[in-house]
Amino acid sequence: MIIVGGSSSKDLAKELARILDCQYIQALSTRFPDGECYTRIDSEPFNDDVVIVQNTYPDSNLIEMFLLQNAVKNLGAKSITLVIPYFGYARQDRIFKPGEPESAKVISELLDKSCDRVITIDIHKEDVLRYFSCKTKDLKAAESIADYFKGKGIDIVMSPDIGAAGRAKDVGTRMGVDYDHLEKTRLSGTEVRIQPANADCTGKNVLIVDDIIATGGTIIAATEQLKAAGAKSVTVACTHGVFVNNAIERLTGSSLDGVLCCNTLENTVSHISVANIIAKELRE
Ligand code: R5P
């Protein structure tokens, strides 16, 4: 097996190759003067199965992925597996307003043209994978998050809403600690109360888990409520740290005690590696 790292996921791809003890090739990626993407895989023709590790976000990385698929195919890969740590466009998975495209379908069908298998991590809607005709698997980062925080003094794992309660349960159960979700209760036309659905967080070290942090608004609001409810400390861990509009600075400057994310998107706080769960899947 040969691992080809795209420009979005160099460190993760390298770590994956080290764990699997296989050849790693970093694709050359640059821009033409007009801004178009240029990529090149400096290698002898392949006579092996190839794994490309690259995000489909932002758009420039999506284009690079299409070009890498073609380059790998032309070099004679026996099979092509796409590891897409952060699958961009998964949130526009249906037509919400007339006239909109089914973006997730469009992107999936284009990627599907040149691959034999697709592996994603905590894709926003797992349903999106039905647009692929090849074998697919969405891996859960809960294992990586739980392993990272085990033994670090967390008392309870919390999700910011009931929709993500399953993730908090998964992480909490793996860590052997309590779990709960935040619940929104409308008190009047203008008043909303957000509080843990069942648990008493007084004096506790809380870990909030979510799939994506974009602006950080959801997490900052949840942290304020948990602190108001008496939490001793609040740390957040998400799978995909998209962090738009200086979100890292705003989160670290808020009442949060810690901000971490997985390395599906590589940034200054992506210290939780998902390489082990990907390696396990590739070995199988
Ligand atoms: C929502 O479905 C997601 O799970 C996240 O809670 C949301 O995307 C976070 O967005 P933001 O950081 O902008 O509040």
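For region 130-163, give me each residue that is small (Gly, Ala, Ser) and crowded, with 20+ Cβ neighbours inside 10 Å.
Ala141, Ala142, Ser144, Ala146, Ser159, listed by residue number.
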Note to self: If Val244 satisfies all but one of (1) β-branched (Val, Ile, Thr); (2) within 13 Å of the ligand (Cβ to nearest atom); (3) within 30 Å of Ala17 (Cβ to Cβ), what's the number of the condition it fails?
What the structure shows: (3)
Check: Of all residues in region 184-223 being modelled with pLDDT of 90 or more and acidic (Asp, Glu), which is farthest from the ligand (Cβ to nearest atom)?
Finding: Asp200
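Any chance region 154-162 includes a residue that's of a type in the set (Gly, Ala, Ser) and out of contact with any Lys or Arg (no Cβ under 8 Å at 6 or more places or on another chain)?
There is no residue in region 154-162 that is of a type in the set (Gly, Ala, Ser) and out of contact with any Lys or Arg (no Cβ under 8 Å at 6 or more places or on another chain).
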Next item on the list: Give the residue that is nearest to the chain's Cα centre (by Cα), with candidates limited to residues of region 115-129 that are surrounded by fewer than 17 Cβ atoms within 10 Å (Cβ to Cβ) and outside any helix (DSSP H, G or I).
Entry: Lys125
Next item on the list: For region 9-27, enumerate the residues that are in contact with an Asp or Glu (Cβ under 8 Å, 6 or more places away or on another chain) and of a type in the set (Asp, Glu).
Entry: Asp11
Margin query: Please go through region 78-104 and give me each residue that is in contact (Cβ under 8 Å) with a residue 40 or more places away in the chain and assigned to a loop (DSSP other than H, G, I, E, B), ordered by number.
Written below: Pro85, Tyr86, Phe87
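The values are calculated or read from the model by the stated rules, or taken from the named source; none is laboratory data. Small disclaimer: the values here were computed from a predicted structure and weren't measured. Cβ: placed from backbone, ideal geometry, glycine included. Neighbour counts: every protein chain shown.
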